[in-house]
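Okay, structure first, notes after.
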Amino acid sequence: MRVLFAVVLGSIACASAFAQTTIERLPRETFDVIAPSERVEGARGNMRVYQAACRVGPTSWARRRIVDVAAQEWAYFGMQTVDATHVEKRLLPPGIVPDALNPELAQPRIVRQYPRLGTLEFDERLDVTIGGYWSATPEGPRAIARQNAAWNGPGRNALFWIEPWSAAFVSWVMCEAGLGDMAQFRRSSAHRDYIDQAIRASDGNAPEAAYAAYDAGEKPIAPGDLLCNSRAGFDYRSLADRRDHPVNNALTHCDIVVKVEAARVLLIGGNVDQSVSLTVLPLRKDDRPYPHPPGQSDIDGARTIFAHLTLRADPVEASALDNSPTVRALSRIPSPP
């Protein structure tokens with residue numbers, strides 16, 4: 001077996017670097033998304049939830065919007081990419097934005113070993129953005145209150161968010177994509193809550209749930225789906241492991257599928273190296289019905305996808321990321337003189 005090297009590209013090293021690499025969100029008249037920063041008010045140490053409501057629409061409409069919303073946030077955080085297929089010295093995987101149109105986006109970036117972290121310092125735009133993600137969860141007000149206490153503590157310079165916010169990010173994407181009814185999607189600070197909802201849906205016990213859970217390779221992967229792995233001492237390898245050991249504090253992580261190719265899948269997730277990042281995973285085809293990411297038993301260091309949450313909606317094109325409003329807008333950026 002070979003050792004898996006995950007490489008972080010386009011890393012945000014400090015607040016000033018963030019200001020140089022961020023790509024502003026599209027205007028509402030171009031892409032109707034309420035920025036997460038508009039869901040909270042107040043600055044560091046005095047932030048609170050201002051808006052907790054979510055869009056509610058039919059699940060059948062949600063797939064493309066999930067991809068489009070996630071893509072815009074990825075761009076806002078600087079398009080950081082984790083390539084787990086090979087060492088990739090590009091900010092974007094090839095072919096997403098034509099190199100001839102955007103030579104700047106095709107240039108090599110600083111590459112460092114993942115998951116070693118630098119001393120990231122977030123400016124206020126990142127603070128309120130992550131606070132906006134939290135606003136979509138029932139635990140959001142408490143999480144923001146704890147963060148305020150950290151900001152107001154000794155030194156008043158707390159780095160990062162003291163609460164992991166990856167599930168809050170996914171919850172906000174679903175909230176803004178139209179899955180605002182808790183019966184559709186169990187927004188939470190913990191991925192396991194909506195994983196368990198999808199498992200119940202697969203078992204016939206959650207008919208309104210937007211997602212149903214399957215083992216990796218049991219169903220085809222499509223944009224808008226979620227791929228989930230356990231972490232930090234928990235070792236789920238299949239849905240049966242979760243069903244047999246429904247530990248209340250089990251640590252898990254899920255990313256949103258945004259593009260599927262023959263040999264790899266592209267996912268966007270929150271709190272990946274303290275950013276909204278795109279992860280590129282290889283796909284393999286063995287004795288399972290459909291291609292799936294290799295797990296720990298296949299590649300040393302790989303994360304084992306134990307749950308594939310499939311969206312109960314009509315499919316969109318496998319290259320949905322390429323057609324998202326944000327990426328399409330980037331492809332029209334003129335080359336510098």
Highest-first arrangement of 66-79, 30-43, 129-142, where packing means the average Cβ count within 10 Å: 66-79, 129-142, 30-43
Quarter of the Cα convex hull surface for the stretch 212-269, i.e. its orientation-mean projected area (nm²): 4.5
Separation of the Asn323 and Arg125 label points, Cα + 7 Å toward Cβ, nm: 3.0
Ratio of the Cα radius of gyration of the stretch 116-273 to 2.2 N^0.38 Å, where N counts its residues: 1.10
Fully extended contour minus Cα-Cα distance, from Asp286 to Ala52, at 0.36 nm per residue: 79.8 nm
Average projection area in nm² (convex hull over Cα atoms of the stretch 207-337, one quarter of hull surface): 10.7
Residue-span extension gain [Arg142 to Asp181] - 0.36 nm each, minus C-alpha spacing: 11.9 nm
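Laboratory data are not the source of any read-out in this text; all were calculated from the coordinates shown. Here the structure is a predicted model, which is why all the values come from computation and not from measurement. All Cβ positions, even for glycine, are placed from backbone atoms using ideal geometry, and neighbour counts span all protein chains on display.
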